[in-house]
Every structure is written in C-alpha cells, then in structure tokens.
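Participant: Before I ask anything, here is the structure I am working with.
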Amino acid sequence: MAYAVTLIPGDGVGPELSEATRRVVDATGVKINWEVENAGADVVAQYGTPLPQRVLDSIRRTKVALKGPLTTPVGRGFRSVNVALRQELDLYACLRPCKYYRGVRSRYENVDLVVVRENTEDVYAGIEFQEGKPETLELIDDIARLGGGKMPADSGISIKGISTNASRRIVRFAFEYARAHGRKKVTAVHKANIMKFTDGLFLAVATEVAAEYPDIAFEDRIVDNMCMQLVQKPELYDVLVMPNLYGDILSDLCAGLIGGLGVAPGANIGDEIAVFEATHGSAPKYAGQNKVNPTALMLSAVMMLNHLGEREAAARMERAIAEVIAEGKDVTYDLKPTPDDPTAVGTSQMADAIIAHL
Ligand code: NAD
C-alpha cells in the first residue's frame, strides 16, 4: 500500500532539502504518493495568499505532511505561514527530539532529549495591545479597577493565557510519547513561582496528569534553573514539556547542545494531522547553492516514517544518516572541522551517500 503524504517544498533552501529528503525516503522502499503543494511568497501572485486552500485541503486529506522551511518577510506582507498552518490545523504539539550523533561538532556528546512545546497559546496567541492606543489605555484602567495594579500609561501589553485544557492535552501528549518511545522521565518546565495563575495552572495540571502515568517518572523545574541544568548536565534529562514561549527558547538551546540547527528535526502534531519539518528556517543566503545540511529535514522524515508505522525503514534511514555523519567524508560544510573545508560535499551528494548506506 502506498501512503499519501503532502510535500511542501518550501522556499529558500527548502526545495533542495525537500528533494534530497524525498529521494532518501523513496530509497528506503516505503511507497509514498507525494502530493506536492507549494506555499509561501512564491505562490501569492497565483493564489492571492501564501497559504492556498488547496494546501490545507491536501493535508486534511493525507493527514501527514513533510514541509520545507518557508520565509516570513520581516515587517511587511503576510504573517508567518508556518504559524498559520499550526493554527489552521490545530497542531497543538511541537515535538523536537535533540539527539547527539557521533561526528557532529558539538560541545556535548551525551545528549538525547525531547522537547515537547505547547503550540497554540501563551503570549504567542497574538493578543496584544499597542502602546498609546485608546483601547490600551482603557485596558490599563480596567486592570487597575479590577485590582490588578497600576500599569504605566505608556505600556504596550501582550496577554499571556494558559488554559487547563491546552495544558492537559500537551502534558498527556508528552507522557504518551514517553510511553510509546520507551522514555523514562517527563520534566515539566515553568515559572510557577512568579506566574501563579498561568504557569501555576500548567504545573498543577501537569502534576495531575502525571499521576495517570505511574510507569513514567515526573519532576518539574523552574525555567531559569532548567536552562542552567541543561547546559551543565543535559544527560540527566529525557522528555521536557512546557508552554509555548519556554518551548521556543529551550528548543534552540537544546539544538545548540547537539551541534546546531543543521541537525535538529521536528514535527507539529494534532489529534489527527502531523506536519514534519526541521527546526531551522529557509537560510535564504544559501538558496540554490546545493550547500546546506539536509540532516534536520531527513531526521524529520525519519520521525514521519515512525509516525506512519514504518519503524524498520525509519530505523534504517536514521542509521544510514548516522553512519554518513560518523564517517565525516560525504558531509556538508557545517559537519566538517572548519566551514571552509574543501572536501565538503553538497546537499544532494550527502543524500547520495545516505542512500548508499541504506
Ligand atoms: P535560518 O534557520 O534560516 O538560518 C540561520 C542560519 O543557520 C543560516 O544562515 C545558516 O548558517 C544556519 N542553517 C540553517 N539551516 C541550516 C542547514 N540546513 N544547514 C546548515 N546550516 C543551516 O534562520 P533565519 O535566518 O532566522 O530565518 C530565515 C527565514 O526562515 C526567515 O524568513 C524565518 O521567518 C524563516 N523561518 C522559517 C521556519 C519554518 O519554516 N518553520 C523556521 C524558522 C525560520
């Protein structure tokens, strides 16, 4: 049986990374009917929007997508297509495994962490009031009237909301993931000592959900302490679950622990739909140069194969990637001892080497 999978090539370095990744996935022998759908700035002229309805329709039909990075223009034009996709499809869980592969240049070797980030609320919900606007001044008055204290009149305001339901489903997701992947411990990350009604709620719900999973250890850490702990002894941690903003920051921190964005995969997952994509962006300055590292998108595709139930092919593909990185020969510039190493190969040559190792 062939699986239908939506492929969004992305822009910048996206198309070359997607093509390299698609070739490796096909070479595993798993049969996939790729529905190629373009999104982003390049399709605006044709469809009037960077996220055409046909892209959403395809993903709703296939339930699984592999996505290259998409550029978000700064300060003009449309809002992030990446964020819009997560919201439209209610992809509430952002899953970012951070595992060290031998041969990657990194300060740490013993890291195998999974960051589970809540994707739908927190300050990312976009409920904001601009400094000086009448409605902002009214809100500042209302907050004072309701006993919330007096804010300076020249404040801008971003609202942080954390709900019981969203907290429960993301913490459950983390425990279910831990159980399904033989993980031993879930750590909830928060700042409940300061934000009692948002992070405090998150922690209370997490503690409640943890009681349903007696086979998985549970602990919590205050986010600032968590950052220090991760830098000093990342090997003590396993699955980390947290609200949106901390997840954004800690996933980059954890990517840094394993050698950077070139090797950090990810997925955005809802109850029915999953979109697999690297943590990194479209690196526009390298577009069309057959230069950047395809590992992050390829490891995202490994997660996709696991999600489809193709565990053997996933393991084979991950092993082939790990072997090529460990050999250090047919790898991109960022995996060489120095970035100007003349023996570095291009994106598609690294894919060829991985295919030869399958
Ligand atoms: P970026 O991740 O695109 O690039 C930052 C730097 O990281 C690059 O210059 C490069 O040195 C390195 N890098 C990234 N990917 C690499 C790879 N595969 N191999 C080797 N090196 C790699 O981040 P940015 O420059 O901040 O963002 C560029 C654009 O991407 C922006 O428009 C941003 O909005 C968008 N973006 C999209 C996504 C997404 O599609 N989910 C995520 C992040 C950023």
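Participant: Residue 90 passes all but one of (1) more than 15 Å from the ligand (Cβ to nearest atom); (2) charged (D, E, K, R); (3) more than 26 Å from residue 11 (Cα to Cα); which number fails?
Facilitator: Here residue 90 clears every test but (3).
Participant: Kindly indicate whether residue 257 is free of Cβ contacts under 8 Å to residues at least 24 places away in the same chain and not polar (S, T, N, Q).
Facilitator: It is false that residue 257 is free of Cβ contacts under 8 Å to residues at least 24 places away in the same chain and not polar (S, T, N, Q).
Participant: Residue 245 - would you say it is at negative phi, more than 10 Å from the ligand (Cβ to nearest atom) and in a helix (DSSP H, G or I)?
Facilitator: yes
Participant: Right, here's the next one. Could you run through region 96-117 and say how many residues are within 12 Å of residue 266 (Cβ to Cβ) and of a type in the set (A, V, I, L, M, F, W, C)?
Facilitator: Result for region 96-117: 4.
Participant: Look through 219, 235 and report the one residue that is open to solvent by 50 Å² or more (accessible area, probe 1.4 Å) and under 25 Å from residue 179 (Cβ atoms).
Facilitator: When all the criteria are applied, what remains is 235.
Participant: So which residues in region 91-124 are assigned to a helix (DSSP H, G or I) and out of contact with any Ser or Thr (no Cβ under 9 Å at 6 or more places or on another chain), if there are any at all?
Facilitator: 124
Participant: Residue check, residue 171 against (1) of a type outside the set (Phe, Trp, Tyr); (2) over 29 Å from residue 82 (Cβ atoms); (3) assigned to a helix (DSSP H, G or I), all met but one. Which one?
Facilitator: Here residue 171 meets the rest and fails (2).
Participant: Okay, next question. Could you check region 271-286 and list, in sequence order, the residues that are more than 10 Å from the ligand (Cβ to nearest atom) and in a loop (DSSP other than H, G, I, E, B)?
Facilitator: Those that are more than 10 Å from the ligand (Cβ to nearest atom) and in a loop (DSSP other than H, G, I, E, B): 271, 272, 273.
Participant: Could you tell me whether region 258-270 includes any residue that is more than 10 Å from the ligand (Cβ to nearest atom), open to solvent by 30 Å² or more (accessible area, probe 1.4 Å) and at pLDDT below 95?
Facilitator: Yes, region 258-270 contains at least one residue that is more than 10 Å from the ligand (Cβ to nearest atom), open to solvent by 30 Å² or more (accessible area, probe 1.4 Å) and at pLDDT below 95.
Participant: Of the conditions (1) open to solvent by less than 30 Å² (accessible area, probe 1.4 Å); (2) out of contact with any His (no Cβ under 9 Å at 6 or more places or on another chain), residue 137 fails just one. Which one is it?
Facilitator: (1)
Participant: Shifting gears a bit: Only strands (runs of 3 or more DSSP E) wholly contained in region 3-81 count here; list those with 1 or more residues that are open to solvent by less than 10 Å² (accessible area, probe 1.4 Å).
Facilitator: Filter on region 3-81 gives 3-8, 64-67.
Participant: Kindly indicate the residue of region 125-155 that is of a type in the set (Lys, Arg) and part of a loop (DSSP other than H, G, I, E, B) and also farthest from residue 82 (Cα to Cα) among those meeting that condition.
Facilitator: Among those that are of a type in the set (Lys, Arg) and part of a loop (DSSP other than H, G, I, E, B), it is 150.
Participant: Testing residue 106 on (1) within 28 Å of residue 315 (Cβ to Cβ); (2) hydroxyl-bearing (Ser, Thr, Tyr); (3) at pLDDT below 90, one condition comes back false. Which one is that?
Facilitator: Among (1) within 28 Å of residue 315 (Cβ to Cβ); (2) hydroxyl-bearing (Ser, Thr, Tyr); (3) at pLDDT below 90, the lone unmet condition for residue 106 is (3).
Participant: Confirm whether residue 343 is open to solvent by 10 Å² or more (accessible area, probe 1.4 Å), of a type in the set (Ser, Thr, Tyr), away from the ligand (no atom under 16 Å from the Cβ) and out of contact with any His (no Cβ under 6 Å at 6 or more places or on another chain).
Facilitator: yes
Participant: Could you count how many residues in region 280-308 are open to solvent by 50 Å² or more (accessible area, probe 1.4 Å) and more than 16 Å from residue 266 (Cβ to Cβ)?
Facilitator: Of the residues in that region, 7 qualify.
Participant: Here's a follow-up. Pairs needed: first member in region 203-219, over 15 Å from residue 192 (Cα atoms); second member anywhere, open to solvent by less than 10 Å² (accessible area, probe 1.4 Å) and assigned to a loop (DSSP other than H, G, I, E, B); C-beta distance under 6 Å; at least 6 residues apart or different chains.
Facilitator: none
Participant: Also: Just the residues that are hydrophobic (A, V, I, L, M, F, W, C) and away from the ligand (no atom under 15 Å from the Cβ), please, taken from region 321-338.
Facilitator: Across region 321-338, the qualifying residues are 322, 326.
Participant: Any chance region 221-239 includes a residue that's within 15 Å of the ligand (Cβ to nearest atom), touching a Cys at 6+ places or on another chain (Cβ under 9 Å) and not polar (S, T, N, Q)?
Facilitator: No, the conditions are met nowhere in region 221-239.
Participant: Kindly indicate the residue of region 82-111 that is in contact (Cβ under 8 Å) with a residue 24 or more places away in the chain and acidic (Asp, Glu) and also nearest to residue 189 (Cα to Cα) among those meeting that condition.
Facilitator: Result: 90.
The values are calculated or read from the model by the stated rules, or taken from the named source; none is laboratory data. Because the structure is predicted, anything quoted here is derived from the model rather than measured. When we count neighbours, we look across all protein chains shown, and the Cβ atoms used for this are built from the backbone with ideal geometry, even at glycine. Protein only, heavy atoms only, side chains kept; ligands, DNA and RNA dropped before computing areas. Shrake-Rupley method; radii C 1.70, N 1.55, O 1.52, S 1.80 Å.
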